[in-house]
Amino acid sequence: MTTAAIDRIRKNIGSVFYGNPRAVDLLLIGLLARGHVLIEDVPGVGKTVLAKSLAKSIACEFSRIQLTPDLLPGDVLGVSVYNREVNEFEFKPGPIFTNILLADEINRTTPRTQSALLEAMSEEQVSIENRTFHLKRPFMVVATQNPFEFEGTYHLPENQLDRFILKVHLGYPQRSDELRILTTQPGRSLIDQLKPVISSDEIVQMQDAVPKVRLDPAIVDYIMDLTEATRKHEQLHLGLSTRGALALTAAVQASAMLHGRDHVLPDDVKELFIACCTHRVISKTYLGNGDTDATQRILQSILDRVPAPK
């Protein structure tokens, strides 16, 4: 059932998103693990299409926020408005009260507004004026940022980055895919016509089943060995936190479910280690000259060096 449902979602998204299929799988892993995904890439490679087509495929509500320096927390969370007819304040929910939220160019808004997303991403709830509002499930934030534009941006702090289970790069599409895009020009109408292939309740059931995916003790030891290796690496200023190790564990369990298995393999860990950790660790090379690729090279060297269980 799960494998067939995942295949239907993949096929449905693929009918309008002609980009990297691995990015689709990573987004689904983030969704199944009840996590959030940060997409770091240049404009115009299909980030909005990917997020919206996912929401459409699973019968979920979709909201998009274009984050700018003048955006206030109330613009994201909602505000209380005085109603003269009933002589009291009424809460008007903001765009965060949805299932799939696309936070476009998250690094362009101020830290104050960025932090407004923290509680929602961690607890699936929002606290406003001494009131707590629970968000609907499934709830997922898909945030984007441009890695090559820094003017007028605000660096995401480590505690904010740690809330994202995976960091994804879409990359440019293959020549055949780009030819298909230029020929068919999939536009807004195609996405609007997209029909759901699974209900949101079924997604919630799958999310609840992810923690039950079997983790062999050897796999847990492997994750711990990789975690300790990041903390002891001479070229890393900051290693993987316990929250990061928990995120990696949830991600590999979701990956196993995505591939139709009830148990995690070492290959699940290998495939997700960099995507799960690259935004959580800080290399000394990056601090010195801003080399963003250095972190991935270091993580790959750790993967190559730490033995995987057989």
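The values are calculated or read from the model by the stated rules, or taken from the named source; none is laboratory data. Predicted model only: the values in this text are computed from it and were never measured. Neighbour counts run over all protein chains shown; Cβ positions are idealised from the backbone, glycine included.
Pairs linking a residue in the stretch 88-104 that is farther than 14 Å from ILE128 by Cα to a residue that is of a type in the set (Lys, Arg) and modelled with pLDDT of 90 or more, with Cβ atoms under 7 Å and 6 or more positions apart or on different chains, are ASN99/LYS136; LEU102/ARG64; ASP104/ARG64.
Would a scan of the stretch 174-189 turn up a residue that is crowded, with 21+ Cβ neighbours inside 10 Å and either assigned to a helix (DSSP H, G or I) or modelled with pLDDT under 90 (or both)? For the stretch 174-189, residues crowded, with 21+ Cβ neighbours inside 10 Å and either assigned to a helix (DSSP H, G or I) or modelled with pLDDT under 90 (or both): absent.
Identify, from the list ALA51, ALA23, ALA5, the residue that is farther than 26 Å from ILE274 by Cβ and either touching an Asp or Glu at 6+ places or on another chain (Cβ under 8 Å) or not charged (D, E, K, R) (or both). Even if it seems obvious, please write down each step before you answer.
On the way: ALA51 fails: farther than 26 Å from ILE274 by Cβ; ALA23 fails: farther than 26 Å from ILE274 by Cβ.
Exactly one residue qualifies, and that residue is ALA5.
If you go through the stretch 60-105 one residue at a time, how many are in a strand (DSSP E or B), aliphatic (A, V, I, L, M) and within 21 Å of the chain's Cα centre (by Cα)?
So the count comes out to 5.
Among what's in the stretch 81-90 and is of a type in the set (A, V, I, L, M, F, W, C) and touching a Phe, Trp or Tyr at 6+ places or on another chain (Cβ under 8 Å), pick the residue that is modelled with the highest pLDDT. Before you say what the answer is, go through the steps one by one.
Residues of the stretch 81-90 of a type in the set (A, V, I, L, M, F, W, C): 81, 86, 89.
Still in the running and touching a Phe, Trp or Tyr at 6+ places or on another chain (Cβ under 8 Å): 81, 89.
On the way: VAL81: 86, PHE89: 82.
Selected residue: VAL81.
Give the number of residues within the stretch 124-162 that are of a type in the set (Lys, Arg) and modelled with pLDDT of 90 or more. Outline the logic, then answer.
The first filter runs over the stretch 124-162 and keeps only residues of a type in the set (Lys, Arg), leaving 131, 136-137.
Then drop every residue that is not modelled with pLDDT of 90 or more, which leaves 136-137.
Going through the stretch 124-162 one residue at a time, the tally reaches 2.
Looking across PRO157, PRO173, PRO138, one residue alone is in contact (Cβ under 8 Å) with a residue 24 or more places away in the chain and over 25 Å from THR249 (Cβ atoms). It is PRO173. For the stretch 196-255, enumerate the residues that are within 22 Å of ASP267 (Cα to Cα) and of a type in the set (S, T, N, Q). GLN207, THR227, THR230, SER241, THR242, THR249, GLN253, SER255 - these are the residues of the stretch 196-255 that are within 22 Å of ASP267 (Cα to Cα) and of a type in the set (S, T, N, Q). Can you say whether LEU38 is part of a helix (DSSP H, G or I) and surrounded by 21 or more Cβ atoms within 10 Å (Cβ to Cβ), as far as the supplied structure shows? No; evaluated as a whole, the condition is false for this residue.
Applying the selection to the stretch 117-138, what residues are hydrophobic (A, V, I, L, M, F, W, C) and over 25 Å from GLY44 (Cα atoms)?
LEU118, ALA120, MET121, VAL126, ILE128, PHE133, LEU135 - these are the residues of the stretch 117-138 that are hydrophobic (A, V, I, L, M, F, W, C) and over 25 Å from GLY44 (Cα atoms).
Identify all residues within the stretch 100-112 that are farther than 11 Å from ALA51 by Cβ and not charged (D, E, K, R); write none if there are none. Working first, answer last.
Residues of the stretch 100-112 farther than 11 Å from ALA51 by Cβ: 105-112.
Across the stretch 100-112, the qualifying residues are ILE106, ASN107, THR109, THR110, PRO111.
Restricting attention to the stretch 210-249, the residues that are exposed (fewer than 15 other Cβ atoms within 10 Å of the Cβ), at pLDDT 95 or above and under 20 Å from the mean Cα position of the chain (by Cα) total 2. Taken as a whole, the stretch 57-71 holds at least one residue that is in contact with a helix residue (DSSP H, G or I) (Cβ under 9 Å, 6 or more places away or on another chain) and closer than 26 Å to THR183 by Cβ. Listed by position, the helices (runs of 4 or more DSSP H) contained in the stretch 211-303 that have at least 2 residues being hydrophobic (A, V, I, L, M, F, W, C) are 217-232, 242-258, 266-277.
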